[in-house]
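Scroll down for the structure; my scribbles are underneath it.
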Amino acid sequence: MLHEILAYEFMRNALLAALLSSVACGIIGTYVVVKKIGFISGGIAHTAFGGIGLGYYLGINPLLGVIPFSLFAAVAIGLMSKKAKVAEDSAIGTFWAVGMAVGVICIGLKPGYAPDLFSYLFGNILTVPTFDLWMILLLDLFIIGVVWLLNKEFLAISFDEEYARVSGLKTTALYLLMLCLIALTVVVMMRVVGIVMVIALLTIPAAIARMFSRTLPGMMVLAIALSSLFSIIGLWFSYQWDLASGATIIVVSGSAFFLVHAWRQLTAVLKAQ
Amino acid sequence: MKDPIIQCDQLSLLLGGMKVLDKVTLSVHDGDFLGIIGPNGGGKTTLLRVILGLEAPSAGSVRVFGGAPGSFPARIGYVPQRLFFDRDFPISIRELVLMGRISNKKLFQHYNKRDREKADEAICTAGLERLAERRIGDLSGGELQRALIARALAGDPELLLLDEPTASIDPQMKTTIYDLMEHLKEKLTIVLVTHDTGTISRYVTRTASLNVTLELYESALSPNRESLSALYHYPVNPVVHHSQVSRTLDHP
């Protein structure tokens, strides 16, 4: 069965993309979940669409357009909510919509039909070119490196930002760096599930992992495993029944999320009796 | 005479147009155990936040260890009152306490053996050895409070700032927290913000009452009932505090 699937190069690439992106997703998703910055991450992801439009307009690989654009979005949203007296959700909402608007305008300016645009919005893991695989691998290594170097600082600001500040940490700079890593993770995940659904894969595996973890590193490892599992199962379903791959992965993850919660509720009720 | 550890001169602070602190003058010297009492909204937490460098004063000056607030994070241990963090955070007491070492570490530096030893020492002082591997979510309010004190102690501070360490915990636990403080005041300078007006007088060397303006009592004697009632604007009953030897502090 698996053998049959792996005979196709595009399936091998798809599987590799799913596994590689799960690494970034599990590590950064853990921070997103414990620091409760899912909405910010969603904002960064959607703002990134502006970068895709820009890349498309300039005729370069959209990945190259989306990296600087999403990093800019991360820093801007972070600064606006921390420094300017703007309510965080207003800042996020504004960037969210303006980013998408810039993307739409850029695409409209370029004559002709944008065929693979849909795949950036909703993901199409079956068309991942080898160049993108290398890119994902590079971003993975970068994310692992930064998190390894700064794990104690990231733990401190995730747990209690004010205490971290009292301890002498440059919390704003660290927070912005964390948002930048989220932006890079969004770029990594874009190919797999698309920017509209990134937020689900960023949070669901980590949210489930959190229920069974005692430490942050443990949670990361479990989240990576779950993300890989959901991606592989989703990919298999999409291959079997010819479904959209990104959406199937999300539905699989979401179902797992509900099932785990339902199971926990049930066992809690049974225990109480 | 040695320079004071904390020196506030004519310190005033406006927050959102409201005067929260008004011309507060206060000095805390090496070895002091200062208890600050006062009603909610009286500025107790804000005063601590100014000393920590989290709020800048609108007027007046603050020096901590002779420098601007926030200059010497490693010399200060802070036990916050409001629990900003999430009780479900996947972290054990040991790791929580280890975080108290961060003010002694450089960026990128990982915790080493010495940090872990210091953290374990602080865990012992707080009497939490048997709970060290527990997730913080599994602790009672009093245990968590002691874990936060342990976190502050892990950094080897000279000055300990505690914000309502006995709020929202049961009376028996309060006693163990105060006994812990009694033990710590031998080595540390302590500033304690609290509601327990009756209890603290047994422990502190000086008391100050803060309700936007600050009144200092240069002795351990508690402010009497009349002045307390005036401070709180309602009758105050001193609570009788039973002396009790805590098991948690008896180490072999």
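Bear in mind these aren't lab numbers, they're just calculated from the coordinates by the rules spelled out. Remember, it's a predicted structure, so these values are computed and weren't measured experimentally. As a convention, Cβ positions derive from the backbone with ideal geometry for all residues, glycine included, and neighbour counts pool all protein chains shown.
Hey, fewest Cβ within 10 Å first, where do A:242, B:88 land in order? If you can, show how the numbers build up before the last one.
Numbers: A:242 7, B:88 12.
Starting with the residue having the fewest Cβ neighbours, the order is A:242, B:88.
Can you give the convex hull volume of the alpha carbon atoms of the range B:80-140 per residue, in Å³? It would help to have the intermediate numbers written out before the result.
Values: hull volume 6.7 nm³, N = 61.
Convex hull volume per residue, Cα atoms: 109 Å³.
Among the lysines, select those whose C-alpha is under 20 Å from the C-alpha of residue B:113, and discard any that sit fewer than 8 residues away in the same chain.
Within reach: A:152, B:105.
What's the percent breakdown of Cα-Cα distances in the range A:110-225 across 5 Å bins, shortest bin first?
For the range A:110-225, the pair-distance distribution reads 2, 10, 15, 19, 20, 14, 9, 5, 3, 2, 1, 0.
Need one word for the range A:1-148: rounded, prolate or oblate. Basis is the Cα gyration tensor (sqrt eigenvalues a ≥ b ≥ c); a/c below 1.5 gives rounded, then a/b vs b/c decides. Let's see the in-between values first.
Details: a/c = 2.30, a/b = 1.28, b/c = 1.80.
It is oblate, given that a/c is not under 1.5 and a/b is not larger than b/c.
At 0.36 nm per residue, minus the direct Cα-Cα distance, what do residue B:86 and residue B:108 gain on full extension? Give it in nm, one decimal, please.
Working: separation 22, 0.36 × 22 = 7.92 nm, distance 2.50 nm.
Residue separation times 0.36 nm, minus the Cα-Cα distance, leaves 5.4 nm.
Take every Cα pair under 8 Å in chain A that's 6+ residues apart, average their separations, divide by the length, and report that relative contact order as a whole percent.
Details: 399 pairs, mean separation 80.0, N = 273.
Answer for chain A is 29 percent.
Find how many whole Å separate the alpha carbon centroid of the range A:250-269 from the alpha carbon centroid of the range A:120-148.
If you average the Cα positions of each part, the centres end up 29 Å apart.
Taking 7 Å along the Cα-to-C-beta vector as the label spot, tell me the residue A:134-residue A:242 distance in nanometres, rounded to one decimal.
3.5 nm
If the chain between residue A:141 and residue A:3 were fully stretched, how many nm would it gain, using 0.36 nm times the residue separation less the Cα-Cα distance? Walk me through the intermediate numbers first.
Values: separation 138, 0.36 × 138 = 49.68 nm, distance 2.87 nm.
Contour length minus the Cα-Cα distance gives 46.8 nm.
How large is the Kirkwood hydrodynamic radius of the protein assembly as shown, counting all unique pairs of alpha carbons, in Å?
Numbers: mean 1/r = 0.0390 Å⁻¹.
The answer is 25.7 Å.
Taking every DSSP beta bridge with both residues inside the range B:6-249, roughly what % is antiparallel (nearest 5)? Walk me through the numbers on the way to the answer.
Working: 19 of 37 bridges.
Counting DSSP beta bridges with both partners in the range B:6-249, the antiparallel share is about 50 percent.
Between residue A:127 and residue A:151, what is 0.36 nm times their sequence separation minus the Cα-Cα distance? Round to one decimal in nm. Provide the component values of the computation, followed by the final result.
Numbers: separation 24, 0.36 × 24 = 8.64 nm, distance 3.44 nm.
Net length gain for the segment: 5.2 nm.
When a footprinting reagent is the concern and you count Cβ atoms within 10 Å, what order do A:236, A:241 take, fewest first? Don't skip to the answer; put the middle values down first.
Numbers: A:236 17, A:241 8.
Ascending number of Cβ neighbours within 10 Å: A:241, A:236.
Determine, at each q value in 0.08, 0.11, 0.13 (inverse angstroms), the log₁₀ of I(q)/I(0) that the Debye formula gives when each Cα of chain A is one equal point scatterer.
-0.33, -0.62, -0.85
Between residue B:156 and residue A:19, how many nm apart are label points set 7 Å from Cα along the C-beta direction?
Spacing of the two 7 Å Cα→Cβ label points: 4.7 nm.
Strictly over 24 Å apart at the Cα level, which of B:23/B:174; B:118/B:185; A:35/A:85; A:36/A:85; B:118/B:187 would you flag in this model?
Numbers: B:23/B:174 32 Å; B:118/B:185 19 Å; A:35/A:85 21 Å; A:36/A:85 20 Å; B:118/B:187 16 Å.
In this structure, B:23/B:174 lie more than 24 Å apart at Cα.
With the cut-off at 1.5 for a/c, could you classify the range B:6-249 from its C-alpha gyration tensor as rounded, prolate or oblate? Before the final figure, lay out the partial values.
Values: a/c = 1.82, a/b = 1.28, b/c = 1.42.
Taking the square roots of the gyration eigenvalues as a ≥ b ≥ c, the range B:6-249 is oblate.
What ranking do B:116, B:202, B:101, B:151 get, fewest neighbouring Cβ atoms within 10 angstrom at the top?
Numbers: B:116 15, B:202 12, B:101 24, B:151 29.
Least to most surrounded, the residues fall as B:202, B:116, B:101, B:151.
For labels at residue B:172 and residue B:56 in the simple 7 Å Cα→Cβ model, what's the distance in nm?
4.9 nm
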